[in-house]
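One structure below.
The values are calculated or read from the model by the stated rules, or taken from the named source; none is laboratory data. Source: prediction; values computed, not measured. Cβ placement follows ideal geometry from the backbone for every residue including glycine, while neighbour counts extend to all protein chains displayed.
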Amino acid sequence: MTLLTRWGSALDPDAVLPEYPRPQLVRAGHLNLNGRWEYAFAGQDGREPAEYDGQIIVPFSPESPLSGVGRQLLPDETLWYRRTVGIPDGFRPEGHRVLLHFGAVDQTCRVLVNDSEVGRHEGGYLPFCFDITDALRDGSGVLVVEVRDPSDTGDRGWGKQKLKRGGIWYTAQSGIWQTVWIECVPEIHVERLTLVPHLDESSVEVTVHADADRQARIEVHAGGEVVARAGAIPNEAVRIPIPDVRPWSPEDPFLYDITVRLGDDRVDGYVGMRSFGVGPDEHGVPRLLLNGRPYFHAGILDQGYWPDGMYTPPSDEAMVHDIATMKRLGFTMLRKHIKVEPLRWYHHCDRLGILVWQDMVNGGGPYRPEVITAPAVSPLRLSDGRHARFGRDDAGGRQRFREETRETVEHLRNVVSIAVWVPFNEGWGQFDAAEIAAEVKALDPTRTVDHASGWHDQGAGDLRSLHVYFRRFRVPRRTDPRVLVLSEYGGYNLRTDGHAFNDKDFGYKRYDSPERLGAAFTRLHAQQIVPAIPRGLSATVYTQLSDVEDELNGLLTYDREVCKLPVDLVRSVNARLRLTSAGGPPPPTR
């Protein structure tokens, strides 16, 4: 059956994800191109089909129910999109350029306007844009997008999607899956901002990236009042003191608004004044730090899949629901698992106040069970310099992963809530993780790095990161100077009739009632997790936020309609974790 969320059921095809898609670089207006397009499946001869197959709702991938198509794009096929574009009267001031933006297209694409190629892009998870000013005719044109996606048969980042889905691997999706939009900018304009808070100095470092030789003007606002001003030479960092600085935290997610003017251009963004790091607590135990003090990350694994939109949340409200629900359950962190979300998702994490661990998207060739599965039940730990064994014998693929990692960090650098970068998970396409961790740290020294989440630890990064599913969690001997984190555990199953994707039942321990699941959840934390905190455990990531296809181990059902455990029960368990980490007495073991 087709499983819909409440937001998917209420979807208006003519008003799909209409919100401004880039919350930290906002201009006065944008032209949203989501909605009804034409589509066609064809071979790979590079010729646009003479006739299209029908209508698709962008930005939902053709494999998803909300697209209205329901067809898988195969590696030997091409997916074509087409629609007309018209610039409304008054939208483009004289002398302004027209930029066409794509939030993400999986996986490679070529874009044409009025039969003129305006650009190409490779990689399925990051945004890109093209200047289409000269391709338009009298402010209008026919927009055509040609897409190919080898999915897991290629070596670019493909994440947890597979053409042969099942278990922990989900239905492959393709094509346009984030908002498509147009903006108009002056010839001289802000291309991007880099915003780095320096909490210990009560200042924010701002870099205005632009091809310009004139000074930009910067204002910092708090509560609608200007609290700081500065001028900035484009492409040079300037530090702006902020008086009586108010730190950002999950308990007080205060954001400062920032306005930048460059010539006729104005952009608005925001920054949160916070710092991340690692350091000893009062007993000398290494801990994760937030704003200079130990802070326990009570996290949950967040895959970012939807039964009706797949990679694409069906609405802004749907994104908010997941984040707000997890915060209401007492979690202080989401581990965004092997996916880069639309920027609005991160914006809601920033403003609602929840930490984020950001995974990079894995790639590489076929994975061997002895590398990605056996370590779950054995102490096997391999050197990831053996590239072929890890599905990484292609040098070009390794270089592309490095490039996409750098691009991901730059893309998400300004996100206030991101505390940890996670380059690799459970050996999936892992290679040279110590080198990659050093590269990430050099690129962004303001955050911590979990170089190899789960297994095949190479002794690098800031965290000793364990996954424990089929055995009891025990704190290792304290011989490692890194911070100890349990970056995946739990995964307890409960089927909820009427809210499951199919009749499969994948998970790590199965229960047949909410009462038994709740008792097991409470017992797990009381007996294994809470006692480990005084001994060094500094973060946990429970599996997982929602069911996903075969997996029925979510706290929420896949359609987000049922929370399988009472809110008060989960909140009390998470409160015990935080209380114990703050030095309070652990509850009695039952």
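The listed residues are 314, 294, 342, 307, and the only one of them that is surrounded by fewer than 24 Cβ atoms within 10 Å (Cβ to Cβ), in contact (Cβ under 8 Å) with a residue 40 or more places away in the chain, in contact with a Gly (Cβ under 9 Å, 6 or more places away or on another chain) and not assigned by TED's automatic domain parsing to the domain that holds residue 174 turns out to be 294.
Given the structure, is residue 452 hydrophobic (A, V, I, L, M, F, W, C), surrounded by fewer than 21 Cβ atoms within 10 Å (Cβ to Cβ) and under 25 Å from the mean Cα position of the chain (by Cα)? No.
Look at residue 470 and say whether it is within 22 Å of residue 524 (Cα to Cα), in a loop (DSSP other than H, G, I, E, B) and either touching an Asp or Glu at 6+ places or on another chain (Cβ under 7 Å) or touching a residue at least 40 places away in the same chain (Cβ under 8 Å) (or both).
Judged against the criteria, residue 470 is a match.
Out of all the residues in the stretch 109-131, is one or more modelled with pLDDT under 95, closer than 21 Å to residue 62 by Cβ and either touching an Asp or Glu at 6+ places or on another chain (Cβ under 6 Å) or part of a loop (DSSP other than H, G, I, E, B) (or both)? Scanning the stretch 109-131, I find no residue that is modelled with pLDDT under 95, closer than 21 Å to residue 62 by Cβ and either touching an Asp or Glu at 6+ places or on another chain (Cβ under 6 Å) or part of a loop (DSSP other than H, G, I, E, B) (or both), so the answer is no.
Restricting attention to the stretch 535-548, does a residue exist that is assigned by TED's automatic domain parsing to the domain that holds residue 496, of a type outside the set (Gly, Ala, Ser) and over 17 Å from residue 326 (Cα atoms)? Yes, the stretch 535-548 contains at least one residue that is assigned by TED's automatic domain parsing to the domain that holds residue 496, of a type outside the set (Gly, Ala, Ser) and over 17 Å from residue 326 (Cα atoms). Exactly one residue out of 459, 491 is modelled with pLDDT of 95 or more, in the same structural domain as residue 508 (by TED's automatic domain parsing), in contact with a Gly (Cβ under 7 Å, 6 or more places away or on another chain) and surrounded by fewer than 23 Cβ atoms within 10 Å (Cβ to Cβ): that is 491. Just one of the numbered conditions (1) surrounded by fewer than 20 Cβ atoms within 10 Å (Cβ to Cβ); (2) among the hydroxyl-bearing types (Ser, Thr, Tyr); (3) in contact with a strand residue (DSSP E or B) (Cβ under 6 Å, 6 or more places away or on another chain) is not true of residue 153: (3). Just so you know, in the stretch 399-437 the residues that are within 21 Å of residue 206 (Cα to Cα) and among the acidic types (Asp, Glu) include one that is surrounded by the most Cβ atoms within 10 Å (Cβ to Cβ), and it is 407. Taken over the stretch 20-40, the residue count meeting the criterion of being farther than 21 Å from residue 98 by Cβ and not aromatic (Phe, Trp, Tyr) is 5. Scanning the stretch 358-400 for residues that are within 16 Å of residue 160 (Cβ to Cβ) and not small (Gly, Ala, Ser) yields 358, 359, 360, 361, 362, 366, 367, 372, 373. Of the residues making up the stretch 16-40, those that are at pLDDT below 95 and crowded, with 19+ Cβ neighbours inside 10 Å number 0.
Looking across the stretch 479-495, the residues that are touching a Leu at 6+ places or on another chain (Cβ under 8 Å) and in contact (Cβ under 8 Å) with a residue 60 or more places away in the chain come down to 482, 483, 484, 485, 487, 488, 490, 492, 493, 494.
Remark: residue 546 matches the filter, which requires a residue to be over 19 Å from residue 453 (Cα atoms) and within 29 Å of the chain's Cα centre (by Cα). Exactly one residue out of 574, 493 is assigned to a strand (DSSP E or B) and of a type outside the set (Phe, Trp, Tyr): that is 493.
Can you work out which of the residues in the stretch 468-488 that are touching a helix residue (DSSP H, G or I) at 6+ places or on another chain (Cβ under 7 Å) and more than 14 Å from residue 533 (Cβ to Cβ) is modelled with the lowest pLDDT? It comes out as 470.
Rundown of residues vs (1) out of contact with any helix residue (DSSP H, G or I) (no Cβ under 6 Å at 6 or more places or on another chain); (2) in a loop (DSSP other than H, G, I, E, B); (3) of a type in the set (Val, Ile, Thr), yes/no style:
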{"site": "170", "(1), (2), (3)": "yes, no, no"}
{"site": "189", "(1), (2), (3)": "yes, yes, no"}
{"site": "196", "(1), (2), (3)": "yes, no, yes"}
{"site": "206", "(1), (2), (3)": "yes, no, yes"}
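Counting the residues of the stretch 142-162 that are touching a helix residue (DSSP H, G or I) at 6+ places or on another chain (Cβ under 6 Å) and small (Gly, Ala, Ser) gives 1. Mind listing whichever residues of the stretch 501-552 are acidic (Asp, Glu) and surrounded by 17 or more Cβ atoms within 10 Å (Cβ to Cβ)? Answer for the stretch 501-552, where residues must be acidic (Asp, Glu) and surrounded by 17 or more Cβ atoms within 10 Å (Cβ to Cβ): 547, 549, 550, 551. Can you say whether residue 245 is of a type in the set (Val, Ile, Thr), in a loop (DSSP other than H, G, I, E, B), touching a residue at least 24 places away in the same chain (Cβ under 8 Å) and surrounded by 15 or more Cβ atoms within 10 Å (Cβ to Cβ), as far as the supplied structure shows? It is true that residue 245 is of a type in the set (Val, Ile, Thr), in a loop (DSSP other than H, G, I, E, B), touching a residue at least 24 places away in the same chain (Cβ under 8 Å) and surrounded by 15 or more Cβ atoms within 10 Å (Cβ to Cβ). For residue 14, the criteria (1) touching a Pro at 6+ places or on another chain (Cβ under 7 Å); (2) more than 19 Å from residue 105 (Cα to Cα) hold in every case but one, which is (1).
Report yes if residue 287 is in contact (Cβ under 8 Å) with a residue 24 or more places away in the chain, assigned by TED's automatic domain parsing to the domain that holds residue 421 and among the charged types (D, E, K, R), otherwise no. Yes; evaluated as a whole, the condition is true for this residue. Of the residues making up the stretch 357-383, those that are buried (at least 22 other Cβ atoms within 10 Å of the Cβ) and either among the aromatic types (Phe, Trp, Tyr) or closer than 21 Å to residue 257 by Cα (or both) number 1. Cβ-Cβ contacts under 8 Å between residues 6 or more apart (or on different chains), taken from a first residue in the stretch 272-283 that is modelled with pLDDT of 95 or more to a second residue that is loosely packed, with under 12 Cβ neighbours inside 10 Å, are listed as 275/200.
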